[in-house]
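What follows is one structure encoded as structure tokens, with my remarks underneath.
Nothing in this text is a laboratory measurement; each read-out follows from the coordinates by a stated rule. Note that the coordinates shown come from a computational prediction; the quantities given were computed from them, not determined experimentally. Positions of Cβ are backbone-derived with ideal geometry, glycine not excepted, and every protein chain shown enters the neighbour counts.
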Amino acid sequence: MDHQLIFLKNNGLKRVWIDNLSPAIGNYALKKIVDTEFHLEVDIYADSIDEIEAVCHYKHVEDTQWCECPVTFLENDRWCAQFPLEKLGEYVFKIRAWINDFATWKTRFLKKYSVKEDYEIEVITGLHLLEHILPTNHSLHQKIKEIAHNKDAEKLLQLLESSVLKNLISKNYHPHYVTESEEKRIVVDRKRAQFSTWYELFPRSTHPHKKLTGTLSTLIAKLPSIKAMGFDVIYLPPIHPIGTKNRKGKNNAAEAMPNDPGSPWAIGNIEGGHTAIHPQLGTVDDFKNLVHACAKLDMEIALDFALQCSPDHPYLQDHPEWFKKRPDGTLQYAENPPKKYQDIYPFHFAAAQWPQMWDEFKAIIDYWVDLGVNIFRVDNPHTKPFIFWQWLIQSIKSKNPEVLFLAEAFTRPRPMYQLAKCGFNQSYTYFSWRNTKQEITEYLEELIAPPVCYFFRPNFWPNTPDILPEYLQKGGKMAHMIRLTLAATLSSNYGIYGPVFEHYEAEPLHEGSEEYLDSEKYEIKHWQNKEDSLEQYIGLINKIRHEHTAFHNTHLLQFLNTDNDQIISFCKSSEEDDNQIMVVINLDYQYKQSAMVTIDSTTDLPQQFKIKDLLNEAVYEWHQGLCYVELDPQKNQCAHIFQVIRDE
């Protein structure tokens, strides 16, 4: 007989059906934050009107005993439950449901007794059930026999309402033929997985003197000013030795001049590879000092994890079998036609020695975790197997659940989302290329809707060393202010490629290019304080983000209608308190724009309310209906960030 038929027949008395569990994403783990409540809903129903009882069993994977919480009926066969997520790591949960024979009898008895119809036999039936539920030799057994002898429905009603009996039933009723859902998983991360503010810089460009190379120590001197701007994650491009063979020159020139430092992403030379520090940047002790200095400021280092090698990397000498050879015997360098990267060799993940490669790559992460790194920005993960990332991230987080991974995957939507399902805690996005009101609205509504919001945490970047969008090229300082404000207020995780952005440098390599002219990827810069920089504005935006919990999540977002496509407006709400924010941004970096913003009942705002602009402390009276806004770039205005003032 077919195995499915055998299974069905063996479970023929399990009459309760469990279906449509939400949130859920198939066999992949949901993502949540520690010290929060997990809320779920589920359809539970049976083939009749018998009474159903259900519970949710949950536990941390390190625990041996299941915890239990009730599953409560909502309406129309929909039920709900919630339980606390108190530890980092992985939780599992499942729903258990069954027909409650005693509750079914009680409902039937009370209905019949209320109309005085055929209830006598129900008295006997109920007492028989109680005899089997109560512990042997309990004193209530004598009372039950007396009620049965007299068929006394009134006495039975009194007994059913007694707290003693209710407690006994809750402790001693053992269900039969229980239906169980599949176990589902939740990965519980620390708060920074959901709320973080990133600042990217090159350590070699941090020396105050033009003729000297920056180091990890000179970077430490920069930390207080970065902290003052409100950043909490310092993201470093690769800090390893840089290859000399095929080294790229200024502006990605095919040949380097003698003093050209090369691209940090061309990792490795005779001095070491992925676990070495470039000698010009410092030592392991210098790195430990950097990590410690960040921690004292409640900041942390995010390290680039790029699985690629320069032609000089020790791996090419020690493990040539890890790299792909072309028919002429030469190794295959990295390329993305028409671009060629002769200074970089990718690993060949289909090599026969792939298990050894996987172990080696995990050892790299382990090494840096031991030195205090708990965040990794992963370069181009979409060009490596999904199953590798699933294995690597689970392996690391099983011992170090505090470790976070950001996927730098500018790729198609399905691979991008699959990487998140495989375990990446955050991901780069298409934000850099979403400029119009329609583009921004449609993209955010995709990100905050189920099922994407169950597993994908966006991290918005207005720019990167590789991405200088046309909008920034043409719009100058005001365009940078607008894109920063959009990124910082729409997404709870965002970052900037810092010094360039602060100085709003935006000269492209050539017309139509998205690469920076004189890119810091290929040369050392010496950033000097600029009188008209964006430092103060960035600091104000980040201060607002930190102080207002509505910005600590991405998904509680609602767009508001405006009658001008150059004006975008939205509300954000908090998961933690009643903080509510309304944002209005002018997308036009040149001209004054005005609009009527529609406030309706879906915003959960009263008919009349006050708002305070957190950018300038101005207070306004607003109301449901149409409200007027005006923003003029010529007056250095790009946005309103309104806090809704609630009556105390």
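I want the local charge near A350. Using Cβ-Cβ distances under 14 Å, sum +1 for each Lys or Arg and -1 for each Asp or Glu among the other residues.
Net local charge, A350 excluded: +2.
Starting with the fewest neighbours, write out I124, I49 ranked by other beta-carbon atoms found within 10 Å of each beta-carbon.
I49, I124
Peptides 283-294, 304-315: what's the order by average Cβ count within 10 Å, highest mean first?
In decreasing order of mean packing, 283-294, 304-315 become 304-315, 283-294.
Around V55, what is the net charge, scoring Lys/Arg as +1 and Asp/Glu as -1 over all other residues with Cβ under 12 Å from its Cβ?
That works out to -1.
What is the spread of the Cα atoms of the range 413-556 along each of their three principal axes, largest first, in whole Å?
44, 34, 29
Once you have the Kirkwood Rh of the chain from its Cα pairs, apply Stokes-Einstein at 20 °C and 1.002 mPa s and quote D in µm²/s.
75 µm²/s
Need the list of aspartates and glutamates near K248 for cross-linking: C-alpha distance under 19 angstrom, and skip anything on the same chain fewer than eight residues off.
Reachable aspartates and glutamates: D260, E271, D312, E335, D343, D379, D466, E514, E515, D518, E520, E523.
If contacts are Cα pairs under 8 angstrom and at least 6 residues apart, what is the relative contact order of the chain in percent?
Relative contact order here is 10 percent.
Distance cut-off 20 Å, Cα to Cα: go down the list K32/K399; K250/K474; K59/K362; K31/K59; K437/K572 and report the pairs above it.
Checking Cα-Cα distances, K250/K474; K59/K362 exceed 20 Å.
So for R247, R108, fewest C-beta neighbours within 10 Å to most, what's the order? Display every interim value, and only then the final one.
Working: R247 24, R108 17.
Arranged by neighbour count, lowest to highest, R247, R108 become R108, R247.
What do you get for the angle between helix 163-172 and the principal long axis of the chain? Use alpha-carbon atoms, 0 to 90 degrees, nearest ten.
Here the helix axis deviates by roughly 60 degrees.
Using packing as a proxy for protection, rank 12-20, 210-218, 228-236 so that the peptide with the highest average count of other Cβ atoms within 10 Å comes first.
228-236, 210-218, 12-20
Please report the orientation-averaged projected area of the range 557-645, defined via the convex hull of its C-alpha atoms, in nm².
Computed as one quarter of the Cα hull surface, the answer is 5.5 nm².
Going by average Cβ neighbours within 10 Å, how do the peptides 179-190, 498-509 rank, with the highest at the top?
On the way: 179-190: 17.7, 498-509: 19.6.
The peptides rank, most packed first, as 498-509, 179-190.
Contact order normalised by length for the range 102-172, with contacts defined as Cα pairs under 8 Å and 6 or more residues apart; what percent is it? Don't skip to the end; give the middle numbers.
Details: 37 pairs, mean separation 20.7, N = 71.
Worked out over the range 102-172, it gives 29 percent.
What size of dipole, in debye to the nearest 20, comes out for the range 557-645 about its Cα centre when the only charges are +1 on Lys and Arg C-beta atoms and -1 on Asp and Glu C-beta atoms?
Working: 5 positive and 14 negative charges, 54 e Å.
Result for the range 557-645 is approximately 260 debye, rounded to the nearest 20.
What's the long-distance tail for the range 102-172, i.e. % of Cα pairs beyond 21 Å?
Numbers: 420 of 2485 pairs.
Everything past 21 Å amounts to 17 percent.
Can you put R646, R96 in order, fewest other beta carbons within 10 Å first?
R646, R96
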